[in-house]
Amino acid sequence: MTTYKLNQENLSKIADRISIPAYDRNAIKTGIIHVGVGGFHRAHQALYTDRLLHDSSITDWGICGVALLPHDKKIYDILKNQDGLYTLMVKEFDGSLSKRVVGSITELLFAPENPKSVIDKMASPDIKIITLTITEGGYNYSEALEAFDAQNPDILYDIDHPESPKTIFGYLTQALKLRKSQGVDGCTIQSCDNIQSNGDMTKAMLLSYVKLAEPGLVSWINKNVSFPNSMVDRITPATAAEDIDMLKTESGVEDAWPVVCEPFKQWIIEDEFVNGRPLWDIVGARFVKDVEPFEKMKLRLLNAGHTVLGILGALVGYETIDEAVNDVNIREFLKNYLHLEVKPTLKDLENVDLDAYIKSLIQRFGNVSIKDQIDRICSESSAKFPIFVLPTVKSNLEIAKSTELAAFVVAAWAIYSLGKDEQGNNLVVKDALATTLHEYAVQAAQEQPKYFLEIESVFGNLKASEAFITAYENAYHSIVNKGVINSVKSENSSRVKIA
Ligand code: CS2
């Protein structure tokens, strides 16, 4: 089979081997600028948009993808080379693979190379929506301050260098300032990150920055920009070299960075768009008045579930999420955590069958085809725990309910942060706070386990809760003395088995 490089010119040559965009990409007008063209965006929003362009005669919601950080150069170069095209490889439960080339990314910009081009584009009247996947840690929220971290060196840099910023806040501020001065309409800024009330968070963090950098812009933003909250969902493992090879061998398509993902996808969005929006609902997204309960459900069950499996699984020596969830003892522990500690904190969700949702999660985690990496899940845990796990702890502490299982996972994380699994193999802790985590983990191991909870930027004031500390220390000693699996077994045996 002849092999073709993926790009616009070759599309027609591969059309009989793989689904390609059936719409005229040249006729698509860019209406969205998206920051963060990683795997998740490409498996989710870009795919919804591609389906919309495919299923309707709509032509005005092409996406301009922005690579914001210097290390995003690789994805920028690859996508640019491929005219914005990439392959989405959906790994079905039965092991089969559905592949399609996605065409909704119509333009690309690399911010560090040309910041002005990004600011100008964001300010262009054609752009109605700016969407973001900048990761949980990208919002510059400090758990210790419970506010925007105004001392972050990049933030200080942006205040001094408004025309060549480094952070998203610097870019948005300059672009909105330009929109205002040129009399351009406002726009919608939509976060697609896993953060509770992600729109409210974006607005609060942006306004904190604007108050420091450009105070005269605050009231214009309040009047002209909206920040819808949204719940986003699709498990998207990191692309492996085998995926790239498989695409080449099976379909003769050379794509330097395809995206792999699970079949399930969900997107629930607050309908707060000040300058129009795509009809994403005709391709499966849901627009609702209040998305908060759905976000809470997803973050506390799915994302926290991932964290539980990732941290426990890593210590045991597993490499993928399906291995961890298919370990009967870990699965039992996870079910107990979700049912006994998380579910009671989700009372405000009407008409949602949480038991069925949990069941479906266990099934999705168990998808042996997607090989979701534990490494991916454990990365940036210092940004994930405060969003995925600790809010559940806080809710339970407020009503004097048990936090024993969450404390167990935090104890496991303290041991994980020492950087070795139970076989003595190195664990590479990929985390913006890796050095801090390691320092506190060592101190916890040498002196008292509770030292780990002193990392205020992660745990806030959790160390003030005696109930939590007692459970945490018991779990810590148990894991050190008996190992994860035996400790998990003891936890499971003291609880009624959940079907
Ligand atoms: C994961 C998420 O990063 C993580 O820890 O839990 O990437 C998860 O796979 C997605 O949010 C699924 O929607």
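Summary table
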quantity	calculated
Check on E107, closer than 26 Å to I269 by Cα and modelled with pLDDT of 95 or more	yes
Residues that are in a loop (DSSP other than H, G, I, E, B) and within 23 Å of the chain's Cα centre (by Cα), drawn from segment 146-164	E146, D149, N152
Elements of type strands (runs of 3 or more DSSP E) in segment 11-109, at least 3 residues being away from the ligand (no atom under 16 Å from the Cβ) and surrounded by fewer than 20 Cβ atoms within 10 Å (Cβ to Cβ)	97-102
Matching entry among T133, T106 (being over 30 Å from S382 (Cβ atoms), of a type in the set (V, I, T) and touching a helix residue (DSSP H, G or I) at 6+ places or on another chain (Cβ under 7 Å))	T106
Inter-residue pairs, beta-carbon under 9 Å, first farther than 11 Å from K430 by Cα and near the ligand (Cβ under 8 Å from one of its atoms) and in segment 372-384, second assigned to a strand (DSSP E or B) and at pLDDT 95 or above, 6+ apart	D372/T320
Residue ID - nearest to the ligand (Cβ to nearest atom), chosen from residues in segment 316-329 that are assigned to a helix (DSSP H, G or I) and surrounded by fewer than 23 Cβ atoms within 10 Å (Cβ to Cβ)	D322
Only one of K401, K394 that is in the same structural domain as V458 (by TED's automatic domain parsing), away from the ligand (no atom under 16 Å from the Cβ) and out of contact with any Pro (no Cβ under 8 Å at 6 or more places or on another chain)	K394
The listed residue being touching a helix residue (DSSP H, G or I) at 6+ places or on another chain (Cβ under 6 Å) and of a type in the set (V, I, T), out of T188, T249, T202, T236	T236
Tally, over segment 199-219, of residues that are closer than 26 Å to V232 by Cα and either outside the structural domain of T131 (by TED's automatic domain parsing) or of a type in the set (A, V, I, L, M) (or both)	5
Any hit, segment 447-461, residues being over 20 Å from V393 (Cα atoms) and free of Cβ contacts under 8 Å to residues at least 40 places away in the same chain	yes
Where D375 falls short, out of the listed (1) farther than 21 Å from F333 by Cα; (2) of a type in the set (D, E); (3) not in a loop (DSSP other than H, G, I, E, B)	(1)
Conditions (1) buried (at least 18 other Cβ atoms within 10 Å of the Cβ); (2) closer than 30 Å to V184 by Cα: number failed by R300	(2)
Checking I269 against (1) away from the ligand (no atom under 13 Å from the Cβ); (2) within 30 Å of Q423 (Cβ to Cβ); (3) surrounded by 20 or more Cβ atoms within 10 Å (Cβ to Cβ), the condition it does not meet	(2)
Residue identified as touching a Cys at 6+ places or on another chain (Cβ under 7 Å), hydroxyl-bearing (S, T, Y) and under 29 Å from Y86 (Cα atoms) among T202, T236	T236
The one condition in (1) under 23 Å from the mean Cα position of the chain (by Cα); (2) without any contact (Cβ under 8 Å) to a residue 60 or more places away in the chain; (3) not in a helix (DSSP H, G or I) that G170 fails to fulfil	(3)
Among the candidates Y416, Y472, residue that is out of contact with any Phe, Trp or Tyr (no Cβ under 9 Å at 6 or more places or on another chain) and buried (at least 22 other Cβ atoms within 10 Å of the Cβ)	Y416
Residue count, segment 310-327 (criterion: more than 22 Å from E262 (Cβ to Cβ) and hydrophobic (A, V, I, L, M, F, W, C))	2
Qualifying positions in segment 303-314 - out of contact with any Cys (no Cβ under 9 Å at 6 or more places or on another chain) and buried (at least 23 other Cβ atoms within 10 Å of the Cβ)	A304, G305, H306, V308, L309, L312
Matching residues in segment 295-312 - criterion: being away from the ligand (no atom under 11 Å from the Cβ) and closer than 21 Å to S494 by Cα	L312
Test: residue in segment 404-423 that is assigned to a helix (DSSP H, G or I), under 25 Å from the mean Cα position of the chain (by Cα), free of Cβ contacts under 8 Å to residues at least 60 places away in the same chain and over 19 Å from S487 (Cα atoms)	no
Residue among E380, E350 that is surrounded by fewer than 22 Cβ atoms within 10 Å (Cβ to Cβ) and under 15 Å from the mean Cα position of the chain (by Cα)	E380
Which numbered condition F468 fails, given (1) under 19 Å from V308 (Cα atoms); (2) assigned to a loop (DSSP other than H, G, I, E, B)	(2)
Residue in segment 210-232 that is under 27 Å from Q82 (Cβ atoms), within 16 Å of the ligand (Cβ to nearest atom) and in contact (Cβ under 8 Å) with a residue 60 or more places away in the chain present	yes
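The values are calculated or read from the model by the stated rules, or taken from the named source; none is laboratory data. Note that this is a predicted model, so its numbers are computed, not measured. When we count neighbours, we look across all protein chains shown, and the Cβ atoms used for this are built from the backbone with ideal geometry, even at glycine.
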